[in-house]
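Undergrad: Mind having a look at this structure? Questions to follow.
The values are calculated or read from the model by the stated rules, or taken from the named source; none is laboratory data. Just so we're clear, the structure is a prediction, and the values are computed from it rather than from any experiment. A quick note on method: Cβ atoms are made from the backbone with ideal geometry, for glycine too, and the neighbour counts reach across all protein chains shown. With ligands, DNA and RNA removed, areas are computed over all heavy atoms of the protein, side chains included. Shrake-Rupley method; radii C 1.70, N 1.55, O 1.52, S 1.80 Å.
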Amino acid sequence: MLDLLREIFSYPFMVRAFVVGTLVALCASLLGVSLVLKRYSMIGDGLSHVGFGALAIATALNAAPLAVSIPIVVVAAFLLLRISESSKIKGDAAIALISTGALAVGIMIVSMTTGMNTDVCNYLFGSILGMSKSDVRLSIGLCIVVLVLFALFYHRIFAVTFDETFARATGTNAGLYNMLIALLTALVIVLGMRMMGSLLISSLIVFPSLTSMRLCKSFKAVILNSAVISIVCLWVGLVISYVYATPTGASIVICNICIFVIYWLIQLAKGAFLREK
Amino acid sequence: MSLIQCNHLSFAYDGIFAAKDLNFTVNSGDYLCIVGENGAGKSTLMKGLLRLKKPASGSIVYSDGLTAQQIGYLPQQTAVQKDFPASVYEVVLSGCLNQLGILPFYGKAQKQAALHRMEQLGISHLKHKCYRELSGGQQQRVLLARALCATQSLVLLDEPAAGLDPVVTQEMYELVHKINQELGITVIMVSHDIRCAVRYAKTILHLQQEQLFFGTVEAYQNSEVGRKFLGGGTNA
């Protein structure tokens, strides 16, 4: 086991994948709790498709992928937030519209420029080689920004998640914090997308928080628990991916599914036990 | 001393009036109950008083220093909250958020205030319980404690007894009465339970898009509107 780990960490790309992956998984799981509870999970999914479109544009322009996709996805995040808040257009349909639209644009651009090749496959399903050296520095920096902002605004994020009307009525600028959540989500999605794949990145947001909600009784416990689950699943997934040469994103998601099922069974057993008593 | 004064106040949605030409005052220490049938504009008025909705015309004058940071609010429960994983203490403490200013974290004063409010409402023993596992009445108490954390002077309650069984409803009204009497907090409550309104409130505002009645409970019981609404047998 130790030999395996030593071997893994002797490759610089694996070290990069572990470092960035851990930070992204941590950020995603923290934000995920709020997104899931606010019924915003689909925004994460929509954003990842927009991210795919943005990556395709970046490749076509031969530009740095992160520099192009971050602003595009941030703008899309604000747009999606706006749409889901206005009652005139139904939020879920609008998200489906934007995400499939962005996916289609991305595919068109790719097929007209480089053609459908392994790059596209990597964008969609993720690749452990996704991180270049320059990306790593930017990713680490942005993840730390996300973590610091989340910690500073933790209580406010709790308040707008639990009860936005109350927060608004008692003088908290709920709109601002909703925008903060959307901005942070956009950053996390873009950073995690190339490792996890744009089709799978939203699982990092949804799975850990839903899993820990099975058993945890306080918001803080849910947050901490999902952070731990998220990181452990990422590590195990990366090792599996390395050893069996499986796609990274899918391996991580499979780990998440296993933990989810375990938690769910424990919840069921607990419920049955309590009823018995 | 008047806390809130409304002059010719109207609210509209897309140009259609939901409430029109309201004139009333709320004094410090008052217990005002806003009654009326569904769609009479009660909730709209509530939103207006909370500064969540702008008046179409007229004005609301708040007494000095009554900012949004000093108003407590008990909203109707949303679907999100029913399965929310949060401890009772976390929920109550979140009421203190408006006193933080620009500070990121709660200090000793806020934590003590939260514990104190929980004690006043008799929910101290539930501190570490999960909010979603509580009964309806307990959940309302938690939200009421949170509302009290946000204020020293005025609390607005939106149908505090909605969905509660009769015994718990009674307890809830007693509790609100106690808050008004013993803690000296001004109460504005929206309710369609007219009997309880008459029993506990000091003043009544009866709405039906426009203001049908505003005055003391005694005057309301003797007024034509009041007699009709009370005697009609419906508790609409």
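Undergrad: Please report the antiparallel percentage of DSSP beta bridges with both residues in the protein assembly as shown, rounded to the nearest 5.
TA: On the way: 20 of 38 bridges.
Taking every DSSP beta bridge with both residues in the protein assembly as shown, the antiparallel ones total about 55 percent.
Undergrad: Here's a follow-up. Can you give me the three principal axis dimensions of the stretch A:2-276 from its C-alpha atoms, in Å, biggest first?
TA: Projected onto the principal axes, the Cα atoms of the stretch A:2-276 cover 54, 50, 32 Å.
Undergrad: What base-10 log of the normalised intensity I(q)/I(0) is obtained for chain B from the Debye formula, alpha carbons as equal point scatterers, at q = 0.12, 0.15, 0.17 Å⁻¹?
TA: Treating every Cα as an identical point scatterer, log10 I(q)/I(0) equals -0.68, -1.05, -1.31.
Undergrad: Sticking with this structure for a sec: May I ask you to evaluate 6.51 cos²θ - 1.76 cosθ + 1.60, the Karplus curve with θ = phi - 60°, for each residue of the stretch B:22-37 and list the ³J(HN,Hα) values in order in whole Hz, giving x for glycine and proline?
TA: Values per residue, Gly and Pro as x: 9, 10, 7, 10, 10, 9, 4, x, 5, 10, 9, 10, 9, 10, x, 7 Hz.
Undergrad: Residues of the stretch B:55-89 losing 50 Å² or more of accessible area relative to the isolated chain, 1.4 Å probe, heavy atoms only?
TA: Residues passing the criterion (a loss of at least 50 Å², heavy atoms only) are B:Tyr73, B:Val80, B:Phe84, B:Pro85.
Undergrad: Could you work out what % of the accessible surface of the protein assembly as shown is carbon and sulfur, using a 1.4 angstrom probe and leaving DNA, RNA and ligands out of the count? Spell out each step's value before the answer.
TA: Details: 14140 of 22500 Å².
Carbon and sulfur atoms account for 63 percent of the accessible area of the protein assembly as shown.
Undergrad: Determine Rg/Rh for the protein assembly as shown; Rg is computed over alpha-carbon atoms and Rh is the Kirkwood hydrodynamic estimate from the same atoms.
TA: Numbers: Rg = 26.8 Å, Rh = 25.3 Å.
Rg divided by Rh gives 1.06.
Undergrad: A follow-up question, please. Work out the length of the dipole vector of chain B about its Cα centre, built from +1 on the beta-carbon of each Lys and Arg and -1 on the beta-carbon of each Asp and Glu, and round it to the nearest 20 debye.
TA: On the way: 21 positive and 19 negative charges, 91 e Å.
The calculated dipole for chain B is roughly 440 debye.
Undergrad: Give me the 1.4 Å probe accessible area per residue for the stretch B:144-218, excluding ligands and nucleic acids, in Å². Kindly include the intermediate steps, with their values, before the conclusion.
TA: Working: 2770 Å² over 75 residues.
Accessible area per residue: 37 Å².
Undergrad: HN-Hα J couplings of the stretch A:142-150 from phi, Karplus 6.51/-1.76/1.60, θ = phi - 60°, integer Hz, Gly and Pro as x?
TA: Calculated HN-Hα couplings, in order: 5, 4, 5, 4, 4, 5, 5, 4, 4 Hz.
Undergrad: Might you report the magnitude of the Cβ-based charge dipole of the protein assembly as shown about its Cα centre, with Lys and Arg at +1 and Asp and Glu at -1, to the nearest 20 debye? Walk me through the numbers before you get to the answer.
TA: On the way: 39 positive and 29 negative charges, 114 e Å.
With only Lys, Arg, Asp and Glu charged at Cβ, the dipole is about 540 debye.
Undergrad: By residue number, which cysteines of chain A lack any other Cys whose Cβ falls under 4.7 Å from their Cβ?
TA: When partners are defined as cysteine Cβ atoms under 4.7 Å apart, chain A leaves A:Cys27, A:Cys121, A:Cys143, A:Cys216, A:Cys258 without one.
Undergrad: Further question on the same structure: Interface B/A, total buried accessible area with a 1.4 Å probe, nearest 100 Å²? Walk me through the numbers before you get to the answer.
TA: Working: alone 11580 and 13570 Å², together 22500 Å².
About 2700 Å² of accessible surface is lost on pairing.
Undergrad: Amide H neighbours of B:Ser57 under 5 Å, counting only residues 5+ apart in sequence or on other chains, H built in-plane at 1.01 Å?
TA: B:Ser10
Undergrad: Given H placed 1.01 Å from N in the peptide plane, which residues other than close sequence neighbours of B:Leu207 have an amide H under 5 Å from its amide H?
TA: Under 5 Å from the amide H of B:Leu207 lie the amide H atoms of B:Val35, B:Gly36, B:Leu212, each far enough along the sequence or on another chain.
Undergrad: For peptide A:170-183, compute the average count of partner chain beta-carbon atoms within 10 Å of each residue's beta-carbon. Each step should come with its number before you reach the end.
TA: Values: counts 19, 11, 7, 0, 0, 0, 0, 0, 0, 0, 0, 0, 0, 0.
Going residue by residue through A:170-183 and averaging, the value is 3.
Undergrad: What are the ³J(HN,Hα) couplings of the stretch A:9-14, residue after residue, when phi is run through the Karplus curve with 6.51, -1.76, 1.60 and θ = phi - 60°? Round to Hz, x for glycine and proline.
TA: Using θ = phi - 60°, the values come out as 7, 7, 8, x, 5, 6 Hz.
Undergrad: Which value at 222 nm does chain A reach when only helices count, each DSSP H run of 4 or more adding -39,500 (n - 2.57), with the total divided by all residues and rounded to the nearest 500 deg cm²/dmol?
TA: On the way: 13 runs with 234 residues, N = 277.
After summing the helix terms and dividing by the residues of chain A, the value is -28500 deg cm²/dmol.
Undergrad: Which residues belonging to the stretch A:11-41 lose at least 30 Å² of 1.4 Å-probe accessible area when the assembly is complete, relative to their chain isolated?
TA: Those are A:Leu37, A:Arg39, which lose 30 Å² or more relative to the chain on its own.
Undergrad: Could you list, in their original order, any pairs among A:Lys38/B:Lys127; B:Lys20/B:Lys42; B:Lys42/B:Lys202; B:Lys47/B:Lys129; A:Lys38/B:Lys42; B:Lys82/B:Lys127 whose Cα atoms are separated by more than 20 Å?
TA: On the way: A:Lys38/B:Lys127 24 Å; B:Lys20/B:Lys42 11 Å; B:Lys42/B:Lys202 18 Å; B:Lys47/B:Lys129 31 Å; A:Lys38/B:Lys42 27 Å; B:Lys82/B:Lys127 17 Å.
Pairs exceeding 20 Å: A:Lys38/B:Lys127; B:Lys47/B:Lys129; A:Lys38/B:Lys42.
Undergrad: Helix-only estimate, please: 222 nm mean residue ellipticity of chain B, summing -39500 (n - 2.57) across DSSP H runs of length 4 or more and dividing by its residues, to the nearest 500.
TA: Values: 9 runs with 83 residues, N = 236.
Calculated from helices alone, the mean residue ellipticity at 222 nm is -10000 deg cm²/dmol.
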